[in-house]
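Novice: I have a structure here, written as structure tokens, and I will follow up with some questions on it.
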Amino acid sequence: MDTIFAVSSGAPPAGVAVIRVSGPASRFVLETMSGSTATPRQASLRSLRHPADGSLLDRALVLWFPGPASFTGEDVVELHCHGGRAVVAAVLGALAGIAGCRPALAGEFTRRAFDNGRLDLLEVEGLADLVAAETEAQRRLAVSQAGGALTALYDGWRSRLLRIRAMIEAELDFADEEDVPDDNSSVVWEDVETLRLDITSHLERSHAAERLRAGLQVVLLGRPNAGKSSLLNAIARRDVAIVTEEAGTTRDVIEVHLDLSGLPLTLVDTAGLRETTGVVEREGIRRALERAGTADLVLWLSDPGDPGPDDIDSLPQSSVPVWRVLTKADLTSGEGHTGPSKTGTKTPVFSVSALTGDGMDLLLAKLGDFAGSLVGQLDDPVATRERHRWHLARALEAVEGALASSLPLELRAEELRRAAGALGHIAGRIGVEDILDVIFGEFCIGK
């Protein structure tokens with residue numbers, strides 16, 4: 001097996017660059033470049049020298065982690081060098097010249113940790129989410145999963161299923177034994193029903209976790225020059241979108257990722273909705289309506305000075321909630337109120353000015369409340385990905401099949417076996433080879 005290396009800290013220049021080495025030649029790398037082996041798990045200050053000519057590369061802290069007590073389960077070395085580009089390039093070049101060493105692929109360190117049993121698939125995905133986390137709520141959710149909370153939950157359910165199956169099969173195989181009660185299997189179905197309720201509740205709460213992981217989508221819609229791009233820039237507090245008096249400036253969707261009280265929210269600016277013969281603008285309008293149809297919330301922006309129609313009723317029928325935002329409040333005296341929508345419900349209305357900031361605090365506060373209501377409290381472990389939910393749905397389907405009293409006992413036991421197998425797939429216990437490349441491809445080089 002090759003020994004791999006990569007920068008596992010941020011891209012240079014930086015104060016310190018951490019270069020990780022993992023594999024069978026790690027100890028040889030350490031001895032060759034620093035002169036001797038370091039005390040395990042203790043930092044040592046060493047001179048790093050080029051293996052070819054002995055020239056000094058840097059003065060660095062080195063750490064030695066003999067396997068299997070390391071992140072990857074293999075021998076691992078960490079070189080904490082100065083983070084200048086030239087220093088990092090020189091050390092990486094020296095490592096590349098050592099026989100059996102090569103640069104790591106994206107996610108290869110974590111892949112080796114998985115292959116060596118240091119992490120299961122749920123912990124791997126939690127680690128990927130932790131690296132990508134942008135808000136406090138995302139961080140807490142990822143820390144829980146990376147720490148094994150989901151693994152413990154699903155392994156507990158799987159163990160219950162295995163115990164139940166053992167009791168049923170004991171009745172099937174040893175019905176004539178005196179110490180096996182005749183009604184042994186009947187006492188377990190109450191536990192199966194409890195498990196069904198647990199999985200059902202878990203699945204219902206998992207949609208909120210997916211929203212939290214991916215970020216809530218809020219789409220800005222309205223006629224050209226309604227103030228969508230100005231509002232986007234005001235909320236982002238930087239010039240993200242081009243703002244001009246010319247109608248139709250925005251031709252494609254523009255996204256801004258926000259942190260609202262620790263909750264992730266993606267604000268999407270779109271092309272103005274109007275009748276047009278331009279091919280590019282028509283495509284932009286199509287994309288705008290498409291994004292609105294899959295959003296968590298639509299903000300319909302209206303310019304009070306525009307005599308053209310801006311009725312929310314022009315939107316296609318959708319279950320996505322819509323709020324009306326009256327822009328350019330500095331030019332009018334409009335105030336927020338509620339009015340009827342085409343569904344007969346009250347539509348929240350806000351009056352804002354991107355120029356003066358009037359009404360912005362209220363709108364942002366309401367967006368934060370809305371995001372919090374969708375995500376809810378996620379203190380308990382919840383499924384964070386569609387892959388998890390798919391296997392959980394298969395497990396639930398099998399558990400419900402096992403509860404069908406009309407089936408022979410042998411078939412009900414088989415349904416429980418299917419349920420346990422579906423849970424095993426989630427943590428990567430069985431049959432996940434076909435998705436490993438996709439999952440580890442989410443990582444950056446060095447992780």
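The values are calculated or read from the model by the stated rules, or taken from the named source; none is laboratory data. Keep in mind that this is a model prediction, so the values were computed, not measured. A quick note on method: Cβ atoms are made from the backbone with ideal geometry, for glycine too, and the neighbour counts reach across all protein chains shown. With ligands, DNA and RNA removed, areas are computed over all heavy atoms of the protein, side chains included. Shrake-Rupley method; radii C 1.70, N 1.55, O 1.52, S 1.80 Å.
Novice: What are the residues whose amide H is under 5 Å from the amide H of Ala25, where those residues sit 5 or more places off or on another chain and H is modelled from the backbone?
Specialist: When sequence neighbours closer than 5 places are left aside, the close amide H contacts are Thr3.
Novice: Please turn the phi angles of segment 141-152 into ³J(HN,Hα) values with the Karplus equation 6.51 cos²θ - 1.76 cosθ + 1.60 (θ = phi - 60°), one per residue in order, whole Hz, x for glycine and proline.
Specialist: 5, 5, 4, 4, 6, 5, x, x, 5, 5, 4, 4
Novice: Once Lys and Arg get +1 and Asp and Glu get -1 on their Cβ, which of Phe5, Thr39, Ala25 lies farthest toward the positive end of the dipole of segment 1-142?
Specialist: After comparing all options, I get Thr39.
Novice: Which distance in Å, rounded to a whole number, links the C-alpha centroids of segment 72-107 and segment 1-41?
Specialist: Distance between centres, Cα-based: 5 Å.
Novice: Taking H placed 1.01 Å from N in the peptide plane, check which residues at least 5 places from Val16 or on another chain put their amide H under 5 Å from its amide H.
Specialist: Answer set, sorted by chain and number: Gly83.
Novice: How much of the accessible area of segment 1-144, probe 1.4 Å, is carbon plus sulfur, in whole percent?
Specialist: Roughly 56 percent, rounded to a whole number.
Novice: With +1 on the Cβ of every Lys and Arg and -1 on the Cβ of every Asp and Glu, and nothing else charged, how large is the dipole of segment 1-157 about its Cα centre, in debye rounded to the nearest 20?
Specialist: 520 debye
Novice: Once both labels are modelled 7 Å past Cα along the beta-carbon direction, what's the Leu362-Thr194 spacing in nm?
Specialist: Going by the 7 Å Cα→Cβ label model, 5.1 nm.
Novice: Using each residue's phi in segment 292-301, evaluate 6.51 cos²θ - 1.76 cosθ + 1.60 at θ = phi - 60° and report the 3J(HN,Hα) Karplus result to the nearest Hz, with x for Gly and Pro.
Specialist: Going residue by residue, I get 5, x, 10, 7, 8, 7, 10, 9, 8, 8 Hz, with x marking Gly and Pro.
Novice: Further, regarding this structure: Could you report segment 75-118's accessible area per residue, 1.4 Å probe, as an integer in Å²?
Specialist: On a per-residue basis, 42 Å².
Novice: Right, something else. Taking θ as phi - 60°, what are the ³J(HN,Hα) couplings along segment 121-133 by the Karplus curve (6.51, -1.76, 1.60), each to the nearest whole Hz, with x for Gly and Pro?
Specialist: Values per residue, Gly and Pro as x: 5, 5, 5, 4, 5, x, 5, 4, 5, 5, 5, 8, 4 Hz.
Novice: Under 5 Å between amide H atoms, partner at least 5 residues away or on a different chain: which partners does Thr347 have, H built in plane at 1.01 Å?
Specialist: Gly339, Ser341
Novice: How long is the gain from Arg139 to Val187 if the chain were fully straight, where each residue apart is worth 0.36 nm and the alpha carbon distance is subtracted?
Specialist: Here the segment from Arg139 to Val187 would lengthen by 13.1 nm.
Novice: At q = 0.20, 0.21, 0.23 Å⁻¹, what is the base-10 log of I(q)/I(0) for segment 89-149 according to the Debye formula with one equal point scatterer per Cα and no solvent? Please give it to two decimals.
Specialist: Debye curve over Cα of segment 89-149, log10 I(q)/I(0) at q = 0.20, 0.21, 0.23 Å⁻¹: -0.77, -0.80, -0.86.
Novice: Defining a contact as two alpha carbons under 8 Å apart and six or more residues distant in sequence, what relative contact order in percent does segment 27-164 show?
Specialist: It rounds to 15 percent for segment 27-164.
Novice: Which net charge results for the neighbourhood of Phe109, defined as the other residues with beta-carbon distances under 9 angstrom from its beta-carbon, given Lys and Arg at +1 and Asp and Glu at -1?
Specialist: +3
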